[in-house]
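Peer 1: Before we start, here is the structure in question, set down as structure tokens.
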Amino acid sequence: MADATRPENERHTQTTPPPQFISLQTTNAQIILTVTRGAQPGVLYWGQPLSNTKPEEIAILSTRQAVHGGPMIDLPASFSNELGAGLSGPPGFIAHRNGQDWAAIFRVTTVIQENETKAMVICRDENTKLQCQYEFELNPKSHVLSVSTRIENMGADDIIIDWCAALCMPLDPSFSRLKSFTGRWAMEFQTETIETFTGSYLRENKAGRTSHDTFPGLIALTDHSNEDSGKVAGFHLGWSGNHRSRVDRHTDGRSFLQMGELFFPGEMRLCPGEAYQTPPFYAAYTDQGLSRLSQMFHTHVNAAILDKRTKDRARPVHYNTWEAIYFDHSEEKLKKLAKKAAAIGVERFVLDDGWFGARRNDKSGLGDWYAAAELYPNGLCDLADYVRSLGMEFGLWFEPEMVNPDSDLYRAHPDWVLAAPGVDHIPARNQLPLDLTRREVCDYLFERMHDLISTCAIAYIKWDMNRDIQHPVSQGHSAAHRQTHAVSKLMQRLRDAHPDLEIESCASGGGRADFGILRHTDRLWLSDSNDALDRQSIQLGGSSFFPLSVLGSHVGPEKCHITHRRLNMDMRAGTAIFGHMGLELNLFNESEADLATLGAAISLYKKHRQLIHGGNFIRIDTPDYLNIVGVIAEDRTEAMFACAKLSGHTSTLPQRIRFSGLDREKEYLTRIIWPMSDIAITTPSIIDIASLTGDGHVFSGEALSVHGIQLPLMHPGTCMIFHFHER
Ligand code: GLA
């Protein structure tokens, strides 16, 4: 209204500089940023590459206008939607100096475009005396965008940052659904899909680790997106500490996604000259559905996160002692187990909790990283040597960040733990978190681990972390951020000393699985549940972001210790094959027949692991009673699909399944390679007619992917693996 009443010549008197843009591009992705000097920066476009479009066109097409009842100008969105700029909806940056200096407006001062895929945009706010540096990078292989933001205090007084999203990422208006991750101990990576709405979707984690229940990942979908097709965008914060994710649909019609660190009160205080850098925020976009989105993240993990130590080696079959013996260690028993494990094809023997100090149960000894002489009279190195003499690597469990109050370490250094003054510790697994922000604590841990790794030539460590940190306070100050960094630093220190050492990230199962921890580790223990049926959904959820090569997956005992469900060896082994395979059961309790089946599964895994870990991963849209995932070689000459029947169905037969992703021009010899015996309940089934467990049958990729295959009738809790080879 006000504008319309102003004389025509007055309406245009405000001179705005001509907009300036930069574009980062790969063959499959593009991001265009508005970087006009002296103005706020913004994300103008992110999505598939626009080959015939100039940024100026998008800028004009995005023209918004002032509306009655609101500000007289439409307020532009920026990278941080900071408070001073006045945009409605939750800001991406909140900071203040004792209640003042919160009205920041970051304006571009410098733009450094390093190359086609990488740029830095530096902004300043002279008023609040802050400098803000945004780094954007598109990975040319994965097409995944990484963004990180650095805030520097240029003022004379301290500033407290309460919130700093790595970026306020505008969301395409066609995204109408959000897929998020939830779960609990022994049931991680479950998914929920909700319709978007006006207002805020908020997830916060203050567990002091990535958490079992709030994985920092979100996927945006349209009404029509599925595994196979449709527009989808995935987002992840590469951070193993506290975090917040939010999606806000403002009443002005715009939606933004933010991810960043969740700070405890006053935690992020910057003295003059100090800076804070957000963890990296990852974003991937495709119009080819959810499976393609996962492939992009998998490629990214391989191209930009994992060390070559992991990528260059076939993933060895593990034997983990935890569920076989728990705390009941003895040198003799372990040697027998090791021998039996080696005999069925195990390649790495990992000695879990219970080998050190007075750790005969979970109440004592944690922190005393000296092998228990009463259990290992000949020393731990003797067992390690024996394991190696059987042709296996030796791995060892540590939980470096924790201490039992009943331990020599705690008795000597009761002040070495994180604690909020005047507040009782929250009891959790009889242990307390050590304060890794203290140099002497890390030095002790490094010395102990380094000594054992060096003297016993340990090739692998399982790095556990078995409780939340509710009171991350060091010497009176909130320290969750510093603690998370200290863990990475300690890992890096060990890495530098032992470049070939592999590390598994475990936190009571999948409580610390994210791209941040994967920078220092080689395997994720996704869940303590070895129940193959539960594992189907856990691994499925994890596969949204993580490649199968890092997803530790173990064959457990027939009766799962956690769920008490009984599943046969075919199902347990068939499930573990589609991951980084391992065993976690007492081999002496298994029948000869089951050991033979297990041995066959290990051989199958070894034969196909290059395909399983190197192929393109795919999930198939199925009814709830099925779970079908596959891997297809890059040249599509070979593929494997695991098909699990999770529960019963109301139809007499299960439905026909399409193996999408196979090459329609090729012919494939189709066989069922797992289990070894016919799985069909009634005969003759398609298995007999097409000789699927025998010589196989040749089908065209077109028939298999367009028409699909009628599945045989199988019992719930069973699985089979199809193999396709070009003819
Ligand atoms: C955690 C891990 C398990 C095992 C135990 C040992 O629960 O997730 O795999 O290592 O600790 O105490």
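Readers should treat all values here as calculations from the given coordinates under stated rules, not as data from a laboratory. None of the values given here were measured: they were computed from a predicted structure. All Cβ positions, glycine included, derive from the backbone under ideal geometry; neighbour counts span all protein chains shown.
Peer 1: Can you work out the PRE-style zone for residue 429? Point 7 Å along Cα to Cβ, and I want the residues of the range 401-423 with backbone N under 17 Å.
Peer 2: The answer is 401-407, 418, whose backbone nitrogens lie closer than 17 Å to the label point.
Peer 1: Between the range 12-61 and the range 310-342, what's the alpha-carbon centroid distance in Å?
Peer 2: For the range 12-61 versus the range 310-342, the Cα centre distance is 56 Å.
Peer 1: Further question: Report the local net charge at residue 191: Lys and Arg +1, Asp and Glu -1, summed over other residues whose C-beta lies under 12 Å from its C-beta.
Peer 2: +1
Peer 1: Something else: Set the bar at 21 Å for Cα to Cα. Now go through 363/489; 308/462; 141/311 and name every pair that lies beyond it.
Peer 2: 363/489
Peer 1: Sort all Cα-Cα distances of the range 600-727 into consecutive 10 angstrom bins from zero, then give the percent of pairs in each bin up to the one containing the longest distance.
Peer 2: Distribution as computed: 13, 47, 36, 4 percent.
Peer 1: Please list, ordered by chain and number, the residues whose modelled amide H lies under 5 Å from the amide H of residue 226; skip anything fewer than 5 residues away on the same chain.
Peer 2: Excluding prolines and chain starts, which carry no amide H, the hits are 290.
Peer 1: Could you list which residues have their amide H under 5 Å from that of residue 502, counting only those 5 or more apart in sequence or on another chain, with H placed in the peptide plane?
Peer 2: Long-range HN contacts for residue 502: 460, 461.
Peer 1: To the nearest 0.05, what FRET efficiency results for residue 184 and residue 275 with a Förster distance of 60 Å applied to their C-beta separation?
Peer 2: 0.95
Peer 1: Hey, what did the chain get for relative contact order, percent, Cα under 8 Å, at least 6 apart?
Peer 2: Details: 1713 pairs, mean separation 70.5, N = 727.
That works out to 10 percent.
Peer 1: Excluding residues fewer than 8 places away in the same chain, name every one of the aspartates and glutamates whose C-alpha is closer than 12 Å to that of residue 118.
Peer 2: Those aspartates and glutamates meeting the cut-off are 135, 137.
Peer 1: Let's test the formula: R0 of 60 Å, r as the Cβ-Cβ distance of residue 656 and residue 65. What FRET efficiency results, to the nearest 0.05?
Peer 2: Details: r = 52 Å, r/R0 = 0.87.
It comes out at approximately 0.70.
Peer 1: So how far, in whole Å, is the C-alpha centre of the range 415-439 from the one of the range 96-171?
Peer 2: After rounding, the separation between the Cα centres reads 34 Å.
Peer 1: Using the Cβ atoms and a cut-off under 13 Å, what net charge is assigned to the surroundings of residue 385, where Lys and Arg are +1 and Asp and Glu are -1? Intermediate results must be reported in sequence, preceding the final value.
Peer 2: Working: positive: 335, 388; negative: 331, 382, 393.
Once positives and negatives cancel, what remains is -1.
Peer 1: If contacts are Cα pairs under 8 angstrom and at least 6 residues apart, what is the relative contact order of the range 317-610 in percent?
Peer 2: Computed value for the range 317-610: 18 percent relative contact order.
Peer 1: Turning to a different aspect of this structure: In deg cm²/dmol and to the nearest 500, what is the mean residue ellipticity at 222 nm of the chain if only DSSP H runs of at least 4 residues count, each as -39500 (n - 2.57), divided by the residue total?
Peer 2: Taking each H run of at least 4 residues, the total per residue is -6000 deg cm²/dmol.
Peer 1: Let me ask something additional. Please figure out what share of the DSSP beta bridges in the chain is antiparallel and state it in percent, rounded to the nearest 5. Could the numbers behind the result be given before it?
Peer 2: On the way: 126 of 155 bridges.
Once the DSSP bridges in the chain are tallied, antiparallel ones form about 80 percent.
Peer 1: Pop a pseudo-label 7 angstrom from the Cα along the beta-carbon direction at both residue 333 and residue 313 and give the gap in nm to one decimal.
Peer 2: Taking the simple label geometry, residue 333 and residue 313 are separated by 2.8 nm.
Peer 1: Cross-link partners among lysines for residue 129, C-alpha distance below 20 Å, same-chain residues fewer than 8 apart left out?
Peer 2: Within the straight-line limit of under 20 Å, residue 129 reaches no lysines at all.
Peer 1: Kindly rank 400-410, 658-668, 573-583 from highest to lowest mean number of other beta carbons found within 10 Å of each residue.
Peer 2: Working: 400-410: 21.9, 658-668: 19.5, 573-583: 27.4.
Going from most to least packed, we get 573-583, 400-410, 658-668.
Peer 1: Could you list 210, 63 in order of exposure, starting from the residue whose Cβ has the fewest other Cβ atoms within 10 Å?
Peer 2: Details: 210 30, 63 7.
Exposure proxy ranking, most exposed first: 63, 210.
Peer 1: Among 528, 312, 688, 307, rank each residue by its count of other Cβ atoms within 10 Å, from fewest to most, as a rough exposure measure.
Peer 2: The order, fewest Cβ neighbours first, is 312, 688, 307, 528.
Peer 1: Each label point is 7 Å from the Cα along the Cα-to-Cβ direction; what then is the distance between the points at residue 681 and residue 157, in nm?
Peer 2: With each label placed 7 Å out from Cα toward Cβ, I get 7.4 nm.
Peer 1: Peptides 36-43, 350-357: what's the order by average Cβ count within 10 Å, highest mean first?
Peer 2: Going from most to least packed, we get 350-357, 36-43.
Peer 1: Between residue 592 and residue 192, take the C-beta separation as r, use R0 = 45 Å, and let me know the FRET efficiency to the nearest 0.05.
Peer 2: Here the calculated transfer efficiency is 0.55.
Peer 1: Starting from the Cα gyration tensor of the range 19-305, take the square roots of the eigenvalues, sort them a ≥ b ≥ c, and report rounded, prolate or oblate (rounded when a/c is under 1.5, otherwise prolate if a/b is larger than b/c, else oblate).
Peer 2: Numbers: a/c = 1.43, a/b = 1.16, b/c = 1.24.
Rounded, because the longest to shortest axis ratio a/c is under 1.5.
Peer 1: Give me the net charge of residue 290's neighbourhood, meaning all other residues with Cβ under 13 Å from the Cβ of residue 290; Lys, Arg count +1, Asp, Glu -1.
Peer 2: Numbers: positive: 177, 179, 231, 292, 619; negative: 227, 228, 287, 621.
Neighbourhood net charge equals +1.
Peer 1: Next question, about the same structure. If I take every Cα pair under 8 Å that is 6 or more residues apart in the range 19-305, average their sequence separation and divide by the length, what percent do I get for the relative contact order? Spell out each step's value before the answer.
Peer 2: Numbers: 734 pairs, mean separation 50.0, N = 287.
The normalised contact order for the range 19-305 reaches 17 percent.
Peer 1: Let me ask something else about it. For q values of 0.05, 0.07, 0.10 Å⁻¹, compute log₁₀ I(q)/I(0) with the Debye formula on a Cα-only model of the chain, without solvent.
Peer 2: After summing over all Cα pairs, the log10 values are -0.27, -0.53, -1.03.
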